[in-house]
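Heads up: the structure comes next, in C-alpha cells.
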Amino acid sequence: MDVSLGLLILGTLVWAGATLALQRSRRWLLFYLTGGLGFVLVVLFWASTLGLDTALEAIEARQAVGIANLTGIALSLLGKTGLAIPNHTGWAVFDVGIECSALLEMSAIIGLVAFYPAFSTGRKVSSALIGTAVTYAVNIARIMLIVVLINAFGTDWVFAAHAVFGRILFFIGTVALYWWLITRPTMSWIGADLGKAVADE
C-alpha cells in the first residue's frame, strides 16, 4: 500500500471534507458509511506509510513469544514478526502479518463507533477504547491458538490452525463485540421508540 505522502494528505482531506459535508446536510446513512469506511482506509494507508503496521505486528509477535514461554512452549522470534513454532515434526514458521495484526478490525470498530450518529461523545470514546482493547486481546488469543495447535499437532496443521480455527475464534469474538457495542444498544433504542409509539396510539 505504498502511496505518496502528498496524495495521502490530499485523500485524507477529501475524505474529511466529504464526511463533514454529509454530517452538516444530515444525510446520516451516507455520513456513517463514508465516515466509517473512509476512516478504516485512512488509518491503513497512514499506518503503512509511517511503518506503524509493521511496528504493531512486531509487538504482537513479541507478546506471543512471551505468553508461549510462560506456558512452556519454546516459541522463538525470527526477525521482527516471524514465529518459530516447535512441534514433534520439527519447526513451523508463522509470520504475524497485516491479516493477523487486527489493525483492520481495530480501525473498523473505532470507525463504526466514532461515526455512529446516535452515540454521545462520551459513549463513542468509551466504546472505541473498549472495542480496540477487546479486539486486540481476541487477536492475541487467535495467534496463541494457532501456536498451540501447531505445537500440539505438527506442521500439517499450519493451514487449519490459521485459516480455520484461528479465523473462527476471531470471527466469533468480533461479531460478539460488534453486537454488544453497537447492535444491542441500537435494538434497545428501537424497541423503546416502538413501545412509546404504540403507547401514544
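The values are calculated or read from the model by the stated rules, or taken from the named source; none is laboratory data. This one's a predicted model, so the numbers in the text were calculated from it and none came from an experiment. We place every Cβ from the backbone using ideal geometry, glycine too, and count neighbours over all the protein chains shown. To get the accessible areas, we keep the full protein, side chains included, count just its heavy atoms, and leave off ligands, DNA and RNA. Shrake-Rupley method; radii C 1.70, N 1.55, O 1.52, S 1.80 Å.
Among the candidates Glu105, Glu60, single out the residue that is more than 24 Å from Trp15 (Cβ to Cβ) and of a type outside the set (Lys, Arg).
Working: Glu105 fails: more than 24 Å from Trp15 (Cβ to Cβ).
After ruling out the rest, the residue left standing is Glu60.
Would you pick out the residues in region 53-67 that are touching a residue at least 40 places away in the same chain (Cβ under 8 Å) and either surrounded by fewer than 14 Cβ atoms within 10 Å (Cβ to Cβ) or of a type in the set (S, T, N, Q) (or both)?
Gln63 - this is the single residue of region 53-67 that is touching a residue at least 40 places away in the same chain (Cβ under 8 Å) and either surrounded by fewer than 14 Cβ atoms within 10 Å (Cβ to Cβ) or of a type in the set (S, T, N, Q) (or both).
Out of curiosity, is Ser101 surrounded by fewer than 16 Cβ atoms within 10 Å (Cβ to Cβ) and either of a type in the set (A, V, I, L, M) or farther than 18 Å from Val175 by Cβ (or both)? Write out each step before concluding.
Details: surrounded by fewer than 16 Cβ atoms within 10 Å (Cβ to Cβ): no; either of a type in the set (A, V, I, L, M) or farther than 18 Å from Val175 by Cβ (or both): yes.
Taking the combined requirement at face value, the residue does not satisfy it.
For region 1-20, give me each residue that is open to solvent by 30 Å² or more (accessible area, probe 1.4 Å) and of a type in the set (A, V, I, L, M, F, W, C).
Passing the criteria: Met1, Val3, Leu5, Leu7, Ile9, Leu10, Leu13, Val14, Trp15, Ala16, Ala18, Leu20.
Of the conditions (1) at pLDDT below 95; (2) surrounded by fewer than 14 Cβ atoms within 10 Å (Cβ to Cβ), Lys80 satisfies every one except a single condition; which number is it?
Lys80 satisfies every listed condition except (2).
Spot the failing condition for Asp95; the list is (1) touching a strand residue (DSSP E or B) at 6+ places or on another chain (Cβ under 6 Å); (2) in contact (Cβ under 8 Å) with a residue 60 or more places away in the chain, and only one is missed.
Going through the list (1) touching a strand residue (DSSP E or B) at 6+ places or on another chain (Cβ under 6 Å); (2) in contact (Cβ under 8 Å) with a residue 60 or more places away in the chain, Asp95 breaks only (2).
Look through Leu75, Leu70 and report the one residue that is of a type in the set (A, V, I, L, M, F, W, C), within 30 Å of Asn151 (Cα to Cα) and loosely packed, with under 14 Cβ neighbours inside 10 Å. Steps first, answer last, please.
Working: Leu75 fails: loosely packed, with under 14 Cβ neighbours inside 10 Å.
None of the other options fit; the residue is Leu70.
From the residues in region 21-47 that are free of Cβ contacts under 8 Å to residues at least 24 places away in the same chain and more than 18 Å from Leu112 (Cβ to Cβ), which one is surrounded by the most Cβ atoms within 10 Å (Cβ to Cβ)?
Ala21
I'm checking my understanding of the structure. Among residues of region 153-165 that are in contact (Cβ under 8 Å) with a residue 40 or more places away in the chain and assigned to a helix (DSSP H, G or I), which one is surrounded by the fewest Cβ atoms within 10 Å (Cβ to Cβ)? Quick ask: steps written out before the conclusion?
First pass over region 153-165, keeping only residues in contact (Cβ under 8 Å) with a residue 40 or more places away in the chain: 153-156, 158, 162.
Filter once more, keeping what is assigned to a helix (DSSP H, G or I): 153, 155-156, 158, 162.
Details: Phe153: 15, Thr155: 16, Asp156: 12, Val158: 18, His162: 19.
Of everything passing the filter in region 153-165, Asp156 is surrounded by the fewest Cβ atoms within 10 Å (Cβ to Cβ).
Kindly check whether there is at least one residue in region 132-152 that is surrounded by fewer than 19 Cβ atoms within 10 Å (Cβ to Cβ) and modelled with pLDDT under 90.
The answer is no; no qualifying residue exists.
Taking Ile85 as meeting all but one of (1) in contact with a Phe, Trp or Tyr (Cβ under 7 Å, 6 or more places away or on another chain); (2) among the β-branched types (Val, Ile, Thr); (3) surrounded by fewer than 21 Cβ atoms within 10 Å (Cβ to Cβ), write down the number of the exception.
(3) is the only condition that Ile85 fails.
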